[in-house]
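Inspection log for the structure reproduced underneath, given as structure tokens.
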Amino acid sequence: MRFSAKRSVGLLVILLTVVSLTLTAVLPAVQAATPSAPAKNVILLIGDGMGYGHMTLGRIVKGGALTMDSFTYNGTVSTYPNDPVEKWVTDSAAAATAIATGVKTYNAAISVDVNKQPVKTILETAQEKGKATGLVTTTRITHATPAAFAAHNADRDAENEIAVDMLNHKVNVLFGGGKRHFLPKDLGGKREDGKNLIEEAKKMGYKFIETKEDLQKVSGDKVLGLFKSSHLSYEIDRDPAKEPSLAEMTKKAIELLSKDKDGFFLMVEGGRIDHASHGHDTATVAKDVLAFDEAVKVALDYAKNRKDTLVIVTADHETGGLSIGGYGEYNFNPAAFKGQKNSFEDVIAAKLTADNYKDIFAEYVGINDLTLDERITLLSAFKVKETNPYAAANAAADIVSRRAYAGWTSGGHTGNDVPVMAYGPYAEEFAKHLDNTDLNKLMYKAYGFQK
Ligand SMILES: [Zn+2]
């Protein structure tokens, strides 16, 4: 027995040696996949209002996998704010503040806490560490999501003040809409203080651009690109000869920011997914989700050639409660909006009248068999056009959504979880359920910044 026990111990030693040798051979490969080196660059892409239903819609309309489907590390994010009344459903301001600062706050707050005190943002910290910074969006650049990274304000609607604050932050790249908040009233803007912030920006060393052609040619370490007076066009309405896409702006922003040897922070927002979802305009939502996905591809292609860039894709909240299948039907029919040429809100609704609506529906929506119920719905919406300019757009969009079995439970936001995907250093830390404030903490961790 003694001999046999000794032999067992001997075998065990051999076995352990083999196991440890095998582990030594395998471990370096495992460690290489989870680098401890901090991220030099972070590209954060936010699909405003983009929930899981929106991604499924995009995939169906595309007819194949999205770039967003290709991430290995996926998680879910809760989005509720710290608001005394709206406890479970955030707006874009409180959500962007949570992501930018790690602090939950009340709806409408732009990177201030519940006591209206400014809280430092990831963009500000990145600047302190010498990194270049950029904000790219399809909304006005002064709108809630981009504003929360480079401004502090108790009220998201104070966009004239926010424009001044954002310029004073000296963000290297600012691309989006919202020229009206940079120009005085006599130049067609909304500013009541008479200031021309575009001229002031030039004095600060910014290059100012306003067309797609300008964007292609521009270089320099400070660029202000304001491509429209208010929001940029919905993707379904965009004139690709004149107005840059979100992907094109993202590509140029990366090109400009990556010249900084200390690295960069870039936030890219697909801002109008939310707007089209408020209006239940399913075709317009689908096109904006796909345009956002193209921007994700640009960021991912950049990161895949290197090991130092963390790409995070997420949403600030879900909008509309969009479901694939609705109205009790076990079905979804994208053919119902296949012929839609423009958005209801910005283009089609303006053309609709009680006299021409059948022709407009045939030409712009591809529907020439409106039912009696649908016609009654439209005609009653036209009657309230004076008091509710969105009535016709919403009624028309709901007719199409119903035909497509695209379900909508709300005209506002929902408290549903939203997706998060990540690639690059520390990406595996995003593969679980997170709170929106965790996204901020993980960006600090990935950069190696102390809070
Ligand atoms: Zn919204």
What whole-number value in Å² describes the accessible area per residue of the chain for a 1.4 Å probe? 44 Å²
Kirkwood estimate for segment 201-288, i.e. one over the average of 1/r between Cα atoms, Å: 14.4 Å
Once you've got the Cα coordinates, tell me which of 129/190; 131/451; 62/251 are over 27 Å apart. 129/190
With everything on Cα atoms, drop me the angle between helix 52-62 and the longest principal axis of the chain, reported from 0 to 90° to the nearest 10. 80 degrees
Residues with beta-carbon under 11 Å from that of residue 415, excluding residue 415: net charge, scoring Lys, Arg +1 and Asp, Glu -1? -2
Largest-first principal axis extents of the Cα set of segment 328-407 (Å): 38, 24, 23
Ranked output for segments 320-326, 81-87, 397-403 by mean other Cβ atoms within 10 Å, highest leading, reads 397-403, 320-326, 81-87
How big is the antiparallel share of DSSP beta bridges in segment 285-443, given as a percent to the nearest 5? 100 percent
Which value, in debye to the nearest 20, gives the size of the charge dipole of the chain about its Cα centre, when Lys and Arg are +1 and Asp and Glu are -1 at the Cβ? 1740 debye
What's the ranking of 383-392, 276-285, 333-342 by average number of surrounding C-beta atoms within 10 Å, highest first? 276-285, 333-342, 383-392
What length, rounded to one decimal in nm, is gained on full extension from residue 213 through to residue 350, with 0.36 nm per residue of separation minus their alpha-carbon distance? 46.4 nm
Mind pulling the angle between the C-alpha long axis of helix 372-383 and the longest principal axis of the chain? Nearest 10 degrees, somewhere in 0 to 90. 70 degrees
Just to verify a number: FRET efficiency for residue 60 and residue 199, C-beta to C-beta distance, R0 = 41 Å, to 0.05? 0.30
Here the net charge surrounding residue 112, from other residues whose Cβ is less than 15 Å away from its Cβ (Lys, Arg +1; Asp, Glu -1), is -4
Just to be sure I understand the model, the point goes 7 Å from the Cα along the line to the Cβ. What's the resulting residue 449 to residue 185 distance in nm? 3.9 nm
Compute the distance from the alpha-carbon center of segment 390-451 to that of segment 195-253, in whole Å. 26 Å
So how strong a dipole does segment 328-407 carry about its Cα centre when Lys and Arg Cβ are +1 and Asp and Glu Cβ are -1, to the nearest 20 debye? 40 debye
Looking at the chain, send over the antiparallel percent of its DSSP beta bridges, to the nearest 5. 30 percent
Distance histogram for segment 157-266 (every C-alpha pair counted, 10 angstrom bins, percent rounded to whole numbers): 14, 45, 34, 7, 0
Packing-ranked peptide list from 346-356, 145-155, 217-227, highest mean Cβ count within 10 angstrom first, is 145-155, 217-227, 346-356
Label residue 362 and residue 388 with points 7 Å out from Cα along Cα→Cβ: what is the distance between them in nm? 2.9 nm
For helix 436-447, what angle does its Cα long axis make with the longest principal axis of the chain, in degrees from 0 to 90 and rounded to 10? 50 degrees
Grab the DSSP H runs of the chain that are 4 residues or longer, score each as -39,500 (n - 2.57), total them, divide by all residues and round the 222 nm result to the nearest 500 deg cm²/dmol. -12000 deg cm²/dmol
Report the local net charge at residue 250: Lys and Arg +1, Asp and Glu -1, summed over other residues whose C-beta lies under 13 Å from its C-beta. -3
Between residue 229 and residue 154, what's the calculated FRET efficiency when r is the beta-carbon distance and R0 is 25 Å? Round to 0.05. 0.50
Starting from the Cα coordinates of the chain, work out the convex hull volume and express it per residue in Å³. 196 Å³
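The values are calculated or read from the model by the stated rules, or taken from the named source; none is laboratory data. Keep in mind that what you see is a predicted model, and the values were worked out from it rather than measured. Backbone-built Cβ (ideal geometry, glycine too); neighbour counts: all protein chains shown. Ligands, DNA and RNA are excluded from the accessible area calculation, which covers all protein heavy atoms including side chains. Shrake-Rupley method; radii C 1.70, N 1.55, O 1.52, S 1.80 Å.
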